[in-house]
1. List the relative contact order of the chain as a percent without decimals, with contacts defined as Cα pairs under 8 Å and 6+ residues apart.
2. Mind pulling the angle between the C-alpha long axis of helix 214-224 and the longest principal axis of the chain? Nearest 10 degrees, somewhere in 0 to 90.
3. Using a basic spin-label model with each label point 7 Å from the Cα along Cα→Cβ, how many nm lie between residue 295 and residue 243?
4. What do you get for Rg/Rh over region 220-320 if you use C-alpha atoms and the Kirkwood form of Rh?
5. Classify region 1-159 as rounded, prolate or oblate, taking a ≥ b ≥ c as the square roots of the eigenvalues of its Cα gyration tensor: rounded when a/c is under 1.5, otherwise prolate if a/b is larger than b/c and oblate if not.
6. Just round it to a whole percent: the fraction of Cα-Cα distances in region 112-244 exceeding 21 Å.
7. Using every Cα-Cα pair within region 110-165, state what percent have a distance larger than 20 Å.
8. If you project the alpha carbons of region 191-241 onto their three principal axes, what span does each projection cover, largest first, in Å?
Amino acid sequence: MANILVFCEAKGGKLKPVSKEMVSAAKTLGGDVHAVVFGEAADAASLGAYGASKVMQIANPELAHYSTEGYAQAAAEIIKGENPLAVIFAATARGRDLAPRTAARVGRPLLTDCVELKLDGGEVLVRRPIYAGKVLMWCKVKGGYGVLSLRPKAFLAVESGGTAQVESRTVSLDASKIRAKVTEEKIAAGAALDVSEADVVVSGGRGLKGPEGFGMIEELAKVLGAAVGASRAVVDAGWRPHSEQVGQTGKVVSPSLYFAVGISGAVQHLAGMTTSRTIVAINKDPDAPIFKVATYGIVGDAFDVVPELTREIGKLRSEG
Ligand code: FAD
């Protein structure tokens, strides 16, 4: 029987939250969900609670660190041993690197950045953005399985109470074809909460006038437990690092709550955040395009509105 094969991601010996989202999304298609975890993840068995019936932990020492060639080779080998209805990756930086390579190796179509999945007459339908996010379109893969990447936070991680059979295995690899070797890993200081994984994101734009304007954005993010995001204009100006950029040439985010502060709402920015569940825009220009996609809009000066919001949210939090 066909199953759904999900390539999970782990970091620091633990599954990344997107892994549970992917397994939950796969489960909604019905059928068996087989999860693959490269390297260490002490909590791999917990994927059973989200709908995986089997978890394969891949223990090859050559795969201890991520490499495109090693992981794509291993992923293709695993897929060949399965009978998938769909193969799922996350549309993260790693998934965007790995999914196309893997699709090319197994000779199957690739559908990236999917935000919805469903089964229709035994075939998988996916909804994904085109034209830089201006349109969401339903697509179907004909004549076999597709390789899909799912947008983080677009799917809810839902516990359904099952258990998974966990097996540790190795994959046959040609190590001579893994040409890139990781010699050292450096973790960026303060990068605890990635903008594409956070449930709440507070983003700032050129309306903040300078890098110091982000002090109040960081404070609002702190009371909300949020990640800080940025428009490209401020990243290009050197006010914020590129890792925080949201949009077409930055990261795509789908948090429960997205704040756009002093951001005009250019189409390239919208491409990275319109699937957020609730959008709050703060802008002094009532005609700013960001208000067209906002759930709530505050017309006002960010330097008045943001500190006030931080104070009020802080009070609510301390009241419990
Ligand atoms: P602006 O457009 O200058 O807007 C600033 C806003 O702040 C205005 O709406 C203004 O009314 C408001 N404002 C000013 N003062 C205040 C105040 N005191 N209080 C409240 N509001 C105030 N952009 C991205 O963001 N992400 C991308 O990935 C991206 N990729 C791109 C790719 C390409 C190929 C190209 C051509 C462009 C890309 N851009 C991207 C750039 C995009 O077109 C815009 O230039 C950029 O998003 C504008 O950033 P901004 O909204 O911060 O600045």
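The values are calculated or read from the model by the stated rules, or taken from the named source; none is laboratory data. Nothing here was measured: the structure is a model prediction, and the numbers come from that model. All Cβ positions, glycine included, derive from the backbone under ideal geometry; neighbour counts span all protein chains shown. These accessible areas exclude ligands, DNA and RNA; they are computed on the full protein's heavy atoms, side chains included. Shrake-Rupley method; radii C 1.70, N 1.55, O 1.52, S 1.80 Å.
1. Values: 716 pairs, mean separation 48.2, N = 320.
Computed value for the chain: 15 percent relative contact order.
2. Computed tilt is about 60 degrees.
3. Calculated label separation equals 2.8 nm.
4. Dividing the radius of gyration by the Kirkwood radius yields 0.96.
5. Details: a/c = 1.41, a/b = 1.30, b/c = 1.08.
Rounded shape, in that the Cα axes give a/c under 1.5.
6. 67
7. 34
8. If we take the Cα atoms of region 191-241, the spans are 26, 19, 15 Å.
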